[in-house]
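Here's the structure, in structure tokens; my notes come after.
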Amino acid sequence: MFPNSSNLGRPPFPPKYQHRNNFLNKVPLNIQPIVSHQQIINARINFQNAMASLSGNLVTTLAGMPQPLVYGNGSPVNTPSPSPTFRGKKRLSEQSVPFGVKRQRYRSPHRETHAVNQAVPSPEQSARLFSGCNARYVPDLGIHVPRLQDILFPPVTETTLPVAKDKLSLQVLKLFEACQQQTCDLNRKELCRSELQREIQRIFPCSRLFLVGSSLNGFGTRTSDGDLCLVVTEEPVNQKTEARHILSLVHKLFSTKLSRYIERPQLIRAKVPIVKFRDKVSCVEFDLNVNNIVGIRNTFLLRTYAYVEKRVRPLVLVVKKWASFHDINDASRGTLSSYSLVLMVLHYLQTLPEPILPSLQKNYPESFDPTMQLNLVHQAPCTIPPYLSKNESSLGELLIGFFKYYATEFDWNHQIISVREAKAIPRPDDAEWRNKYICVEEPFDRTNTARAVHEKQKFDIIKEEFLKSWQILKDKKDLSFVLPLKATIQRR
């Protein structure tokens, strides 16, 4: 299905029985970051400056030139002006204050002169910290994360888009082409991932950091945040204790040694705890979790759905933009997560009288086995052929049908949205589903991805938005009546 796609998102894993060694005693792999076009330009500039220095012209050449912000390994990346959010209190420059003294004020109420050196534990200190923890922290050394340049995504010429003839379909397609994630967006996220992995491996030498979620699953936009999964073992990790402890060390690392290019790190103690932060070099917001392995699995399942039928990606993107505009796309505020919205679109396309999508888990159970070793998960997208549907509905017709399905047809009180089964299934009478307003089944662990919608008021708002948008679009056949296209494209 994908030309040369055996390496798609692929960690080049050796056999799963590779010997496991203590992750605190192994030397980390040297995974080199991508060399971007900007880095090449900066390298040329540095060379020219060096030559100018030999001839005595460096002072006049560099007068007033701003220096690019760099990662810890010295990889230069030009950074836009800081966001207004972070303007205000000024810190003294790196040149005028010793590093240790400067960071004392940031993290230590006792003003120890050695605070920074002790801020992040060494591998030996980590060993003592984890001496009482479960032995499951020993990772599988077969887990490797490749450089992005080694991942062959479907070439643009091979990724065809649907033909749009009516106005609404043309609007959907135009919005998709303007807002879909570009290769340069992905490169920036991958550069940050590789640099952070290098730094985190100083504490957990055999850990691996995976880029997951919309950045890799085919449904990303130009403004999509980055999702990262830190894998220390393929075995389950207690998210309330072990994961939080690991993240507290990562948070400390970000707040001290990496504070030059990581800003506003926050440890969020949710059901799946995360560290939220902004990378000042790539200007991307990230969420980092520990051992949420299901996120790696569903990334490749969704990527397969994204490319198995050419109408899927444009439809998903416009629904995400629509939900964001109507303020119903924020799980932290009691509405729908982007992941739930994607599953809702896929489910709708599966339940049409003439389906546009099948259940990939039913048709290819060996490719999406929830117990499959991580060193095999990446192979799924390249083993699934395109799905040839007899349904010839346009993008506009499908969008109207999507709103109609959830506004008038789906039974919110008694049914679960299941992509795994490719149909709506009855709600079981257990704690996961009982008294929940919206039920969207996670395809692998079968939990409720829409559990954040726990207030009736928010649920009613979501249903009302579906109903209003359906009524408007079926009459107007014009996307601009439910989503301001120009402003959305400008924000991207």
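Counting every other Cβ atom within 10 Å of each residue's Cβ, Asp225, Asp327 order from fewest to most as Asp327, Asp225. Sorting Thr183, Thr351, Thr447 from the fewest to the most surrounding beta carbons within 10 angstrom yields Thr183, Thr447, Thr351. Round to the nearest 0.05 the FRET efficiency obtained for Glu397 and Arg491 when R0 = 25 Å and r is the Cβ-Cβ distance. After rounding, the FRET efficiency stands at 0.40.
Shown for Thr449, Thr241: other C-beta atoms within 10 Å of each C-beta, ranked fewest to most, produce the order Thr241, Thr449. Extension gain, Asp330 to Asn413, is 27.7 nm, computed as 0.36 nm per intervening residue step minus the present C-alpha separation.
How compact is region 280-344 by the rule of thumb for globular proteins, expressed as Cα Rg over 2.2 N^0.38 Å? Expressed relative to 2.2 N^0.38 Å, the Cα Rg reads 1.27. Using θ = phi - 60° in the Karplus curve 6.51 cos²θ - 1.76 cosθ + 1.60, the 3J(HN,Hα) couplings for region 323-331 round to 5, 5, 4, 8, 6, 10, 10, 7, 4 Hz; x is entered for Gly and Pro. Relative to a virtual label point 7 Å from the Cα of Asp166 in the Cα→beta-carbon direction, which members of region 473-492 show backbone nitrogen distances below 20 Å? Answer for region 473-492: 473-485.
At an R0 of 45 angstrom, the distance between the Cβ atoms of Arg244 and Arg222 translates into a FRET efficiency of 0.90.
Here the label points at Lys390 and Asp460, each 7 Å from Cα along the C-beta direction, are separated by 4.4 nm in the simple model. Taking a threshold of 19 Å on the Cα-Cα distance, which of the pairs Lys174/Lys320; Lys456/Lys477; Lys165/Lys463; Lys321/Lys486; Lys257/Lys280; Lys404/Lys463 fall above it? Over 19 Å Cα-Cα: Lys456/Lys477; Lys165/Lys463. If R0 is 45 Å, what FRET efficiency do you get for Gln471 and Arg202 from their C-beta distance, rounded to 0.05? In this case the efficiency is close to 0.20.
Computed from the coordinates by the stated procedures, all read-outs in this text should not be read as laboratory data. Nothing here was measured: the structure is a model prediction, and the numbers come from that model. Cβ sites come from the backbone with ideal geometry, for glycine too, and all protein chains shown count toward neighbours.
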